[in-house]
Amino acid sequence: MLPTRRFVLGGLLAGAATPLWAEAPATSPLPRRRGDGGAVRTELQSADQLIEAAKLGGAFGFVVADAETGAVIEARDADLSVPPASVLKSVTAAYALDRLGPAHRFQTRVLRAGPIVQGVVQGDLILAGGGDPVLDTDMLGDLAAKLAAAGIKGATGRFLVWGGALPRLARIDSEQPEFVGYNPAVAGLNLNFNRVHFEWRRAGADWRLSMDARAERFVPEVHMASVRIAKRARPLFTYESEAGTDRWTVASEALGKGGARWLPVRHPALYAGDVFRTLVAAQGIGLAAPEVVDALPEAAELVARHDSPALDGILKGMLEHSTNLTAEVSGMAASQAASLRASAVAMQEWARLRHGMSAHFVDHSGLGGQNRITAADMARMLADVQAGALPGLMKNYGMRDDRGKVIKGHPVQVRAKTGTLNFVSSLAGYISPPGGRRLAFAIFAADTARRDALPPEAREQPAGGLDYQKRARRLQSALIARWAVLHG
């Protein structure tokens, strides 16, 4: 299971589903071919007309350039510095590919600190993370099976868990709501994107609550995180850390008949150790309760290992699903810096020296609203790397019709990364007409004054936020259609 930034299920806590493209523009900026189900339209609105019709407010800038030469074809407020949101993940992907290489793999190891006698380790057993950002419960279950296949039956000493391969973050961005699953902790040992599955079901006059670490094949119960119902309407959740564990309360009036959502994990190494202990128990291996350590024991020897997929595949998944944890892990693994701030600065310096960018980065995912980049810098970087792996890793965004739906079989290909924060919407990537020249583009919209005015309790689903995104995305699609016709 691959939980995404916005993935929630059921109940009031999950929020309402609203069509993204409910309002369609009166006319299409894209000429329709005969036989496509409508009359041929040949009129094209100017960029200024499209921007005026969107009525976004705040700042708006774009650049479209020849991807091979980098020559700017059309631009508006190209040097306006705004939050890029998740478009920053495209920069992180290019950075990680450059520093680590597309074949890089992260290793999760089981080590022993002592000899093995009749299948029992005479000493400590250690689960040691290597920063794998896509490690899930099924993979951890397979690692448990490898341990059993190696003949291990238990350990006389402690069960240690080490997540020190990367700096530990309690959360990516302190300004986000406490309970959103897209803002988890990050460490050198991560599991299920450091999210725990919380489910509630009506049981008579009460509810049945559960927390698990589900994947496709394994659904182990989680012990280091718990939730209880509090009789109230607001806030939806409260959180506190107790003896290194996660303790949540949920508002009774928000539960409804039932549902589920992913909650962030704040102690990722302990979470992975908790789940691994359950998985090895199913293999007949008994271990003590997990203990998190800051350093690996000396002379520890390898017993079993899980290798992640290659980095290029991990980055492709990151760009498609916009997983913040993957971005932070990839960036910090590439920089090997001692903190997220230092790692962001290292990527910022790389972007300046390699691509002439004058950006300001505070993270690798774009979740922080203090990140800044210009459309000119973004388009320049995309042009610089267009002959490499990045274009093929970007999501097929597609050409879209008047209602924002992807036009199947359209000859123009669009590969791009979207970015969304409250009152921030960005899109950047490549347009490839058949037989024409590839274009690199970046579109940034941000109403930072409106964003900064939001109180913490309104940040998950602010009033007017969905309408802003709908307008911004219609404008983005209209501009892409215009450029495909005029400049492809």
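With N set to the number of residues, divide the alpha-carbon radius of gyration of region 106-308 by 2.2 N^0.38 Å and report two decimals. Can you show the working numbers first?
Numbers: Rg = 17.7 Å, N = 203, 2.2 N^0.38 = 16.6 Å.
In units of the 2.2 N^0.38 Å rule of thumb, it is 1.07.
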Expressed in angstrom and rounded, the centroid-to-centroid distance over alpha carbons for region 184-212 and region 441-488 is 32
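Would you mind putting 365-373, 334-342 in packing order, based on average other-beta-carbon counts within 10 Å, highest first? Numbers along the way, then the final one.
Details: 365-373: 24.3, 334-342: 16.4.
Most protected by this proxy first, the peptides run 365-373, 334-342.
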If one compares the long axis through the Cα atoms of helix 311-321 with the longest principal axis of the Cα atoms of the chain, the angle in degrees, nearest 10, works out at 60
Cβ density ranking, 10 Å radius, fewest first, applied to Tyr271, Tyr397, Tyr182 yields Tyr397, Tyr182, Tyr271
Ranked output for segments 426-438, 198-210, 96-108 by mean other Cβ atoms within 10 Å, highest leading, reads 426-438, 96-108, 198-210
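Find the all-direction average of the projected area of the Cα convex hull for region 189-294, expressing the result in square nanometres with one decimal place.
Values: hull surface 31.2 nm².
That works out to 7.8 nm², a quarter of the Cα hull's surface.
Pairs to check: Lys55/Lys257; Lys55/Lys405; Lys146/Lys395. Give those whose C-alpha atoms are more than 28 Å from each other in this structure. Mind dumping the intermediate values first?
Numbers: Lys55/Lys257 39 Å; Lys55/Lys405 21 Å; Lys146/Lys395 35 Å.
In this structure, Lys55/Lys257; Lys146/Lys395 lie more than 28 Å apart at Cα.
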Quick calc, region 106-308, dipole around Cα centre from Cβ unit charges on Lys, Arg (+) and Asp, Glu (-), nearest 20 debye, gives 620
Here the alpha-carbon Rg of the chain over 2.2 N^0.38 Å rounds to 1.05
Sorting Thr249, Ala272, Gln283 by the position of each Cα along the dipole of region 106-308 (Lys, Arg +1; Asp, Glu -1; all at Cβ), the one nearest the positive end of that ordering is Thr249
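Which GluC sites (Glu not before Pro) in region 272-336 sit in a loop by DSSP (not H, G, I, E or B) and have at most 11 other Cβ atoms within 10 Å of their own Cβ?
Glu298
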With Cα coordinates, the longest principal axis of the chain makes an angle with the long axis of helix 137-149, in degrees rounded to 10, of 40
Computed over the chain: longest principal axis from alpha-carbon atoms vs helix 375-384 long axis, angle to nearest 10 degrees, is 70
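Nearest 500 deg cm²/dmol is fine: what mean residue ellipticity at 222 nm does the chain get from its DSSP H runs of n ≥ 4 alone, each adding -39,500 (n - 2.57), divided by its residue count? Don't skip to the answer; put the middle values down first.
Details: 12 runs with 133 residues, N = 488.
Calculated mean residue ellipticity at 222 nm is -8500 deg cm²/dmol.
Count the net charge of all other residues whose Cβ sits under 12 Å from the Cβ of Ala150, scoring Lys and Arg as +1 and Asp and Glu as -1.
Numbers: positive: Arg112, Lys146, Lys153, Arg305; negative: Glu301.
After counting each charged neighbour, the total is +3.
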Protection proxy (average C-beta count within 10 Å per residue), highest first, orders 53-63, 70-80 as 53-63, 70-80
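Quick note: the coordinates plus some simple rules give every number you see, no bench work behind them. Predicted, not measured: the structure shown is a model, and the values here were computed from it. Ideal geometry is used to build each Cβ from the backbone, glycine not excepted, and the neighbour counts take in all protein chains shown.
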